[in-house]
Structure formats: C-alpha cells, structure tokens
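The numbers here are math on the coordinates, done by the rules we state, and not lab data. From a predicted model like this one, the values you see are computed outputs, not experimental measurements. With ideal geometry, Cβ positions are generated from the backbone for all residues, glycine too; neighbour counts draw on all protein chains shown.
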Amino acid sequence: MSVTAALTRGAMLYEGKAKMVFATDNPELCVVLYKDDATALNGLKKGRIAGKGAINNRVTNHLMRLLESRGIPTHLVDELGDRETLVKRVTIIPLEVIARNIAAGSLAKRLGIPEGVPMKRTVVEYCYKDDALGDPMVNESHIIAMGWSDEAELESISSLSLKINEILKDYLSGAGLTLVDFKLEFGRLPGGGIVLADEISPDTCRLWDAKTGERLDKDRFRRDLGGVEEAYAEISARLLGVS
Ligand code: UDP
C-alpha cells in the first residue's frame, strides 16, 4: 500500500492565517490544508479570496516539483486533493527568508526607492518569525547569537534561496511573469538536513506581468486594488493551464 493510501488525517497541530496542519498516523508526515482566508498588515486586515486555497496549494506543489527536479530538497510528498497536501514533518526554522530582485514593498519604503527599480544583485533579508513582534528584520549575527540557526545552516539557507531565485525567475519569465520578490521558509528534518517548506504562491511572491507591470499577487488584496480573485486565477492559468 502506498504511503498516501495508508494515511489517516489526525489531530490539528497548528492553525495559521492561511493554512492548517494536521498530524497523520505516520509521525514523519503531516497534511497541510490551504484556506481561502487572507490577512495583511500583520493580521490587521482580514478577508477571503475565493478559490485562493486551491490555487496556492496547486501552484506551490507545481513549483516545488520543479525545484525538486533541479536538486532543491523540499517538504513535498504528495498532493492529496484540491487544497490538501502531504508533506514531511519538519521543525520550521523561525526565519522568513526574503529574496528581492526589484525594489518593492517594505524595502522600497524603508530605503526611499521607487517600486520597480531593479537592483544590481539579489538582496537576501531575514525576518524573525514572531507575529507579536511583527516579524522584525534581523541579520546573520542576530540569528546566530540568538541560536535560531548556526553558521553552516545559514550558509545552506542563503545559497539554496539564491538558487531557488534563479530557477523560479527563469521559469516564471517563460510564463510572462516578473519575479519581483518572495518569501521562503525552511524546515529541519528529524534525521538532519534542511528542506524548503511552507508555500510558494501569489500570497508569498510578488509577480508582475512582464509586459504591462500589472500586479498579479496578494498586493491586490493588501492595497485594495480590486481584481484579486482574477489575479490568482491568471497565475493558475499561466502556470497550471487551469484557472
Ligand atoms: N512576504 C510574505 N509574508 C510576510 C511578509 C512578506 O510572504 O509575512 C512576502 C511578500 O509577499 C513579498 C516579499 O515577502 O513577496 C517581501 O515583502 P515585504 O518585506 O516587501 O513586505 P510587505 O510590503 O508585503 O509588507
């Protein structure tokens, strides 16, 4: 019997803003369920984006399969349904890794640079994952001093993130999309080693139409630009051939 066929969804381990995580009868695996709920501004703005859960589930898995095929280890095991995926159970490293190719969002604001200005090289930033603190930006010495990661692991995180950026940038450009910036999370496997975890979706990436510069991501929700569902459907159509 396959791993998936033997699976029973157990207790909920965690409920976040956009996903729920359930235990399974295999202690090394869990199920992620993607919700349509959307939040922004550190939870202050709340809403629903119809169809988002299914799109983010399928887009994430599609991109993780691509990354796996290019040698990036991920937590993905098996897509179970429209909004549910079986993943390896990991301990999430409490960092949001942000890679940026073009100035936008908080970087543009902080440094007084207009959005849309390309940068001379990819910028990698880290934020400490703590909702109550508003995920503050930290540097490598904070991370090592606080024991959130160590030098060798951080080196892997940073080189994997840059490699992921190159693979995704090229792939998305083939779909007429500019990868402006995105957020990654990594997890530790019980036996050692790290894998890419969490999601890669229009919730966690800035994706602009390569020709028109139109925003096709969660900024439409964050900034009340309208056409939110349509933007998610457009990403689904371009990457998966279905909307
Ligand atoms: N991002 C994310 N989750 C967060 C914060 C940021 O997925 O909690 C993503 C966001 O979608 C964007 C990138 O990380 O693609 C950089 O976000 P930024 O720091 O500019 O923050 P924002 O302007 O979204 O507050």
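Please go through the range 105-115 and give me each residue that is in a loop (DSSP other than H, G, I, E, B) and within 13 Å of the ligand (Cβ to nearest atom), ordered by number.
Going residue by residue through the range 105-115, those that are in a loop (DSSP other than H, G, I, E, B) are 112-115.
Of everything in the range 105-115, those that are in a loop (DSSP other than H, G, I, E, B) and within 13 Å of the ligand (Cβ to nearest atom) turn out to be Ile113, Glu115.
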Take the conditions within 25 Å of Thr60 (Cα to Cα), surrounded by 11 or more Cβ atoms within 10 Å (Cβ to Cβ) and among the basic types (Lys, Arg) and apply them to Lys109. Does it pass?
no
Scan the range 233-240 and tell me whether some residue there is of a type in the set (Gly, Ala, Ser), in contact with a Lys or Arg (Cβ under 7 Å, 6 or more places away or on another chain) and without any contact (Cβ under 8 Å) to a residue 12 or more places away in the chain.
no
So, in the range 17-51, exactly how many residues are away from the ligand (no atom under 14 Å from the Cβ), hydrophobic (A, V, I, L, M, F, W, C) and surrounded by fewer than 15 Cβ atoms within 10 Å (Cβ to Cβ)?
1
Among the residues of the range 88-104, are any touching a helix residue (DSSP H, G or I) at 6+ places or on another chain (Cβ under 9 Å) and away from the ligand (no atom under 14 Å from the Cβ)?
yes
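So if I check each of Gly241, Gly174, which one is out of contact with any helix residue (DSSP H, G or I) (no Cβ under 6 Å at 6 or more places or on another chain) and on the phi > 0 side of the Ramachandran plot? Outline the logic, then answer.
Working: Gly174 fails: on the phi > 0 side of the Ramachandran plot.
One residue alone meets the criteria, Gly241.
Restricting to helices (runs of 4 or more DSSP H) lying wholly in the range 119-227: which have 2 or more residues that are β-branched (Val, Ile, Thr) and within 16 Å of the ligand (Cβ to nearest atom)?
Numbers: elements: 140-146, 151-173, 219-222.
So the answer is 151-173.
Any residue at all in the range 176-196 that is closer than 22 Å to Leu239 by Cα and free of Cβ contacts under 8 Å to residues at least 40 places away in the same chain?
First, the residues of the range 176-196 that are closer than 22 Å to Leu239 by Cα: 176-185, 196.
If we keep only those that are free of Cβ contacts under 8 Å to residues at least 40 places away in the same chain as well, we get none.
Within the range 176-196, none of the residues are closer than 22 Å to Leu239 by Cα and free of Cβ contacts under 8 Å to residues at least 40 places away in the same chain.
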Could you give every pair whose Cβ atoms fall below 9 Å, whose first residue belongs to the range 55-72 and is polar (S, T, N, Q), and whose second residue is in a helix (DSSP H, G or I) and surrounded by 14 or more Cβ atoms within 10 Å (Cβ to Cβ), counting only separations of at least 6 or pairs across chains?
Asn56/Tyr232
Exactly one condition in (1) touching a helix residue (DSSP H, G or I) at 6+ places or on another chain (Cβ under 8 Å); (2) among the β-branched types (Val, Ile, Thr); (3) within 26 Å of Ser69 (Cβ to Cβ) is not met by Ile157; state its number.
(1)
